[in-house]
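Notes follow the structure.
The values are calculated or read from the model by the stated rules, or taken from the named source; none is laboratory data. All of these numbers come straight from a predicted model, not from anything done at the bench. Glycine also receives a Cβ, built like all others from the backbone with ideal geometry; neighbour counts cover every protein chain displayed. Note: areas computed on protein heavy atoms with side chains; ligands, DNA, RNA excluded. Shrake-Rupley method; radii C 1.70, N 1.55, O 1.52, S 1.80 Å.
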Amino acid sequence: MIKLKSEICGQFETASTREWLETNGIGGYASSSVSGANTRRYHGLLVAATRPPLGRMVLLSKFEEMLIIDGESYELSSNQYPGKVHPVGVRFLKQFRLDPFPVWTFDIAGVEIEKRLFMVYGENTAVMSWSVTKGDASRIELELRPLLAFRDHHHLRHGDANFGTEYDNSADLVSIEPYPEMPRLYLAHNAKTVEPTGYWYRDFEYAIERERGFDFSEDLFQPFCLRFDLAKKAVVIASTEPKQFADAGDFESAEIERRLELDRMAGANDDLRSQLVQAADQFIVARGSGKTVIAGYHWFSDWGRDTMIALSGLTLSTGRSDVAKSILTEFAKHISEGMLPNRFPDAGETPEYNTVDATLWFFEAIRAYADKTGDLDLIRNELYDKLVDIIEWHVAGTRYQIHVDADGLLFAGEPGVQLTWMDAKIGDWVVTPRTGKAVEIQALWYNALCIMADLAKKLGRADSQALYLGMAEKAKKSFNKLFWNKTDECLFDVIDGDAKDAAIRPNQIFTVSLPYSMLSAAKARKVVDKVEAELLTPVGLRSLSPNDPQYVPVYIGSPLDRDAGYHQGTVWGWLIGPFVDAYRKVHSADAKCNKQVDEIIAGFRKHMTDAMAGQVSEIFDADPPHAPRGCAAQAWSVAELLRIMG
């Protein structure tokens, strides 16, 4: 259980830097800070996926909550306005915990109030409740004032004369539809009265948006007030469909049982693993009739690269091979010219194919699935021919000059595009273009060829096996001839003709970590030693050595500043996975190896209470204390931890 005590959650400054997240399995979510103050444009109590898993819209931003005890009012809410926090209800917050979903405990005048929130799986529905756990409930009332946004989750709402303020009120159900093209919001409740208000609350300030250099001020509409008698539990079900408040208990029981089953399937036998299993589930969402992976919350959609890298940890390490199968078959439908989609945009359904490595990670994801399940039928009947087609396209050449060169290595890139995972781009400026033969692309290409040879053997296709083994051997010889950096005793990052990039980056770790390696044991050990010495931190690997003049120690500033430093030192949590794989390989004979790995993993335990409660961030500052940055919950960060934990 994740638990924050009053010294953290009872202070506005610290409680507002901790976040929570609930998801619904179709791309929608609820999220905010522990203090209750929204600090991102993405925060909201109901962010509905209108085109699952995308089309996400903030409908219900938050509630203003007021407790009335013996006629005296106490605000439970907290908000940041220009120059002032008002109200400061966080001062009454005694505890916050995930049990298994967000639970707040307030202590006011000798009375304890517990607030709970969760989402209904498979629906754009959030269930919230308030109850008295200590004190005389008969003398306590609760007022809730919903604050509405009705906007795309990337945007902000400002006072709008066209915002429809009329609402429908019937027994235990009130609904409102400010814009006809947006979903209607239904609030099922057991309030004793619904009273009209109709005000704009203006100039909410979102601290993280301000820090990130974006617009950070918003207006929200407050249409009515719900008044409850807390002699019984107060319940509100916010949904895009009509609900009955009496169903809240059944929804909660079903969701608790669903999460317990996730632990049982994963064999989660300790708190860290259990929390990671629950975190992993938040990224697995529906796409059409299949499954996909949301790369990160709050702003990412489903990306091919992230999905294939995260697949093993999110699904195979959690006993959900059926989900892995669904993801593989779903993405296989979208292969085009031998390439897997890079991402599915929020707007529209036409996928983008500007990636070289997502397709190669597809091979590794299939290998991991086959090794875990022994399911060769899926490969024989649905995937093998697609893999053959991918290889043929790469040999002949596909988009962005991706092609196998005469030396058997894979070339990729052209001006103005970013094809590897180091993909920051500002206007026409590609920050780390890496055009040519990138080191991890060669590692992935060789790995893919060896996987194909192994699959061909298992499927009884001897001619194909010989073909792929020959291609792999040619690539291996060329790689070892070209890529060894004698000066630094490690690998060059990119080779483009006669140009050799000697920047010390983490990409070379994949030449050791992947199942099939082109390196000798001696060279593999030197690569791991170099990465450990210059790039390893307690929360992942730096993307560039601190000794490099281009090194950026802290990931802050304007969007331009941050994008310029995204892969110039910034620590990436997901890279801890390949590092541990490589470390285990070269230290397999060392009796202290397992202890060292345990210490590496332990670095993430504390982090799971420092940012998004129970989750793992996307990135961290390159310099200590490695403050968390970027997405507060990232799929491959969670997945790689789960995978290396076994």
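Please give the charge dipole size of the range 1-130, origin at the Cα centre, charges +1 on K and R Cβ atoms and -1 on D and E Cβ atoms. Round to the nearest 20 debye. The dipole magnitude comes to about 560 debye.
Take every pair of alpha-carbon atoms less than 8 Å apart whose residues are at least six positions apart; their mean separation over the length of the chain yields a relative contact order of 11 percent. Electrostatic tally near Gly110: other residues with Cβ closer than 10 Å to its Cβ, Lys and Arg +1, Asp and Glu -1, net -2.
Ligands, DNA and RNA excluded, the heavy atoms of Tyr199 present near 130 Å² of accessible surface to a 1.4 Å solvent probe.
Any idea how far the Cα center of the range 588-646 sits from the one of the range 323-387, in Å? The two parts, judged by their Cα centres, are 27 Å apart. For the range 382-476, the convex hull drawn through the C-alpha positions has a volume of 100 cubic angstrom per residue.
Label-to-label distance, Thr609 versus His155, with points set 7 angstrom from Cα along the beta-carbon direction: 4.1 nm.
The magnitude of the dipole of the chain, with charges of +1 and -1 set on the Cβ of Lys/Arg and Asp/Glu and taken from the Cα centre, is near 1540 debye.
Farthest toward the positive end of the dipole of the chain, out of Thr609, Trp445, Met182, is the Cα of Trp445, where the dipole comes from beta carbon charges about the Cα centre.
Kirkwood hydrodynamic radius of the range 188-314 from all distinct Cα pairs, in Å? For the range 188-314, the Kirkwood estimate is 18.9 Å. Which residue, Met308, Phe204, Val34, has the largest displacement toward the positive end of the dipole of the chain when charges sit on each Cβ (Lys, Arg +1; Asp, Glu -1)? Sorting the options by dipole projection puts first Met308.
Residues with beta-carbon under 12 Å from that of Arg605, excluding Arg605: net charge, scoring Lys, Arg +1 and Asp, Glu -1? Working shown, then result.
On the way: positive: Arg273, Lys606; negative: Asp270, Asp271, Asp598, Glu599, Asp610.
Net of charged neighbours comes to -3.
Working from Cα positions, state the angle (0 to 90°, nearest 10) between the long axis of helix 576-586 and the longest principal axis of the chain. So the helix axis and the longest Cα principal axis differ by about 40 degrees. Relative to the dominant Cα principal axis of the chain, helix 593-607 is inclined by about 30°. Under 16 Å of direct C-alpha separation, and excluding same-chain neighbours fewer than eight residues apart, Lys372 reaches these lysines: Lys325, Lys458.
The GluC sites (Glu not before Pro) found in the range 299-372 that occupy coil by DSSP, while having at most 15 further C-beta atoms within 10 Å, are Glu337, Glu349. Taken about its Cα centre, the range 150-203 carries a charge dipole of about 140 debye when Lys and Arg each add +1 at the Cβ and Asp and Glu each add -1 at the Cβ.
Per residue, the convex hull spanned by the Cα atoms of the chain measures out at 153 cubic angstrom. If you take the Cα centroid of the range 496-562 and the Cα centroid of the range 131-174, the two points sit 49 Å apart.
With the charge dipole of the range 513-581 set up from +1 on Lys and Arg Cβ and -1 on Asp and Glu Cβ about the Cα centre, the Cα lying farthest toward the positive end among the listed residues Leu541, Gly577, Met518 is that of Met518.
Less than 5 angstrom separates the built amide H of Thr537 from those of Arg542, all sequence-distant by 5 or more or on a different chain.
The lysine pair tally for the range 150-307, using Cα distances under 24 Å and a gap of 8 or more places or different chains, is 5.
Over the chain, DSSP H runs of length four or greater, each weighted -39,500 (n - 2.57), average out per residue to a 222 nm ellipticity of -9500 deg cm²/dmol. Relative to the compact-globule estimate of 2.2 N^0.38 Å, the Cα radius of gyration of the range 49-150 comes out at 1.21. Computed from backbone phi with θ = phi - 60° and the Karplus coefficients 6.51, -1.76 and 1.60, the 3J(HN,Hα) list for the range 608-623 is 6, 10, 9, 9, 7, 4, x, 10, 10, 6, 5, 9, 9, 4, 5, 8 Hz; x is used for glycine and proline. Cα axis of helix 384-396 to longest principal axis of the chain: angle in degrees, 0 to 90, nearest 10? It is inclined by approximately 60 degrees.
Compute the signed sum of charges (Lys and Arg +1, Asp and Glu -1) over the other residues within less than 11 Å, Cβ to Cβ, of Glu489. With Lys, Arg at +1 and Asp, Glu at -1, the neighbours total +3.
Just to verify a number: FRET efficiency for Ser321 and Lys458, C-beta to C-beta distance, R0 = 25 Å, to 0.05?
Working: r = 18 Å, r/R0 = 0.72.
The value I calculate is 0.90.
Using C-alpha pairs below 8 Å separated by at least 6 residues, the relative contact order for the range 131-275 is 29 percent. The amide H of Asn485, built 1.01 Å from its N in the peptide plane, has Cys490, Leu491, Phe492 as neighbours under 5 Å, considering only residues 5 or more places off or on other chains. The convex hull around the C-alpha trace of the range 503-555, projected and averaged over every direction, spans 4.2 square nanometres.
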